[in-house]
Amino acid sequence: MRRPIIAANWKMNNLSDEVIRFFNEFGDTAISLKDREVVIAPAFPYLKMAADLAKGKNITVAAQDVYPEMEGAFTGMVGAKMLNDLGVGAVIIGHSERRHIFKESLELIRKKVTFVQNNGWKLIFCIGETLPERESGKLYDIIKEQIYTAFDGNLWCDTEKAVIAYEPVWAIGTGVVATPEQAAEMHAFVRKIMKERYNREETVILYGGSVKPDNIKGLMSCADIDGALVGGASLKACSFKKLVLY
Ligand code: 13P
């Protein structure tokens, strides 16, 4: 059984007063939800605050990234010991902003995929194509490459601990959401890979890219879409509540 996940990726947004307001307003929304998981990924400086505020609220607090080392001389980075100290339950890896803005290589992303599994956190592994990649017809090759380079010989955690988020880059923060048909087509393709190549048909596959309270229902009604990874519309509790209770 695939349990849906509604996940908030706050990126470099929400300061301490906004984090506190968010949790005050979001309140007990997730407590009684047994049929879905709520995940919130604040920026690193607010992880501890969010983890404390989320206690007893049935919310998983996630990091937006991790440097694949336990600790040590890695200026500017946050490693495993710190995430464990902060109470993190999940880590987002391979987000398109990390791939494109910070030029993360497929090798580094694979290393992080290994590392997240070694440390027992839930992996939220992002994949997605740019608009030129879609228009060039290389769309499926790009997605295959992102999955194979990360997972081939490198996927051993429990199936529910390795979540995929399909986020077409052209739909992120643009207001252009993939149509349910476009999303459904890609999710079916990813599901087929997970089944045939890794024997993991039950992988939870999220959609991300301009998900809003008014389009989530259409997306969630697609057979292979198991939830959403949300940026902009997750920053305020009133909007995120609507998404969680889609
Ligand atoms: P938006 O919901 O703002 O388009 O961002 C999606 C995203 O990148 C989530 O990781």
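The values are calculated or read from the model by the stated rules, or taken from the named source; none is laboratory data. Values in this document were obtained by computation on a predicted structure and should not be read as measured data. In this analysis, Cβ positions are derived from the backbone assuming ideal geometry, glycine residues included, and neighbour counts consider all displayed protein chains. In case anyone asks, the SASA skips ligands and DNA or RNA and just uses the protein heavy atoms, side chains included. Shrake-Rupley method; radii C 1.70, N 1.55, O 1.52, S 1.80 Å.
Overview of values
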item: Evaluation of Glu181 against (1) touching an Asp or Glu at 6+ places or on another chain (Cβ under 7 Å); (2) surrounded by fewer than 19 Cβ atoms within 10 Å (Cβ to Cβ); (3) over 18 Å from Arg99 (Cβ atoms) (one fails), failing number; result: (1)
item: Some residue of the range 41-60 being of a type in the set (S, T, N, Q), without any contact (Cβ under 8 Å) to a residue 40 or more places away in the chain and over 25 Å from Val204 (Cβ atoms); result: no
item: Selection within the range 7-47 - within 28 Å of Met77 (Cα to Cα), of a type in the set (S, T, N, Q), open to solvent by 20 Å² or more (accessible area, probe 1.4 Å) and in a loop (DSSP other than H, G, I, E, B); result: Asn13
item: Any hit, the range 77-85, residues being within 16 Å of the ligand (Cβ to nearest atom), basic (Lys, Arg) and not in a loop (DSSP other than H, G, I, E, B); result: no
item: Where Ile193 falls short, out of the listed (1) within 11 Å of the ligand (Cβ to nearest atom); (2) aliphatic (A, V, I, L, M); (3) in contact with a Lys or Arg (Cβ under 9 Å, 6 or more places away or on another chain); result: (1)
item: Hey, Tyr207 farther than 30 Å from Asp28 by Cβ, at pLDDT 95 or above, within 13 Å of the ligand (Cβ to nearest atom) and within 14 Å of the chain's Cα centre (by Cα) or not; result: no
item: Residue count for the range 168-178, restricted to those that are under 16 Å from the mean Cα position of the chain (by Cα), assigned to a loop (DSSP other than H, G, I, E, B) and buried (at least 18 other Cβ atoms within 10 Å of the Cβ); result: 2
item: Boolean, Ala73 is buried (at least 19 other Cβ atoms within 10 Å of the Cβ) and either over 14 Å from the mean Cα position of the chain (by Cα) or within 16 Å of the ligand (Cβ to nearest atom) (or both); result: no
item: Matching residues, the range 1-56, being away from the ligand (no atom under 16 Å from the Cβ) and among the basic types (Lys, Arg); result: Arg2, Arg3, Arg21, Lys34, Arg36, Lys48, Lys55
item: Any hit, the range 129-145, residues being away from the ligand (no atom under 14 Å from the Cβ), within 18 Å of the chain's Cα centre (by Cα) and not basic (Lys, Arg); result: yes
item: Qualifying residue in the range 187-208 (condition: in contact with an Asp or Glu (Cβ under 7 Å, 6 or more places away or on another chain), open to solvent by less than 40 Å² (accessible area, probe 1.4 Å) and among the charged types (D, E, K, R)); result: yes
item: Residues of the range 189-246 satisfying the condition of being under 17 Å from Thr179 (Cβ atoms) and assigned to a loop (DSSP other than H, G, I, E, B); result: Gly209, Ser210, Val211, Lys212, Asp214, Asn215, Ser221, Cys222, Ala223, Asp224, Ile225
item: Residue match in the range 223-240 (condition: farther than 24 Å from Asp28 by Cβ and exposed (fewer than 15 other Cβ atoms within 10 Å of the Cβ)); result: yes
item: Residue list for the range 146-168, restricted to those being within 12 Å of the ligand (Cβ to nearest atom) and either touching a His at 6+ places or on another chain (Cβ under 7 Å) or charged (D, E, K, R) (or both); result: Tyr166, Glu167
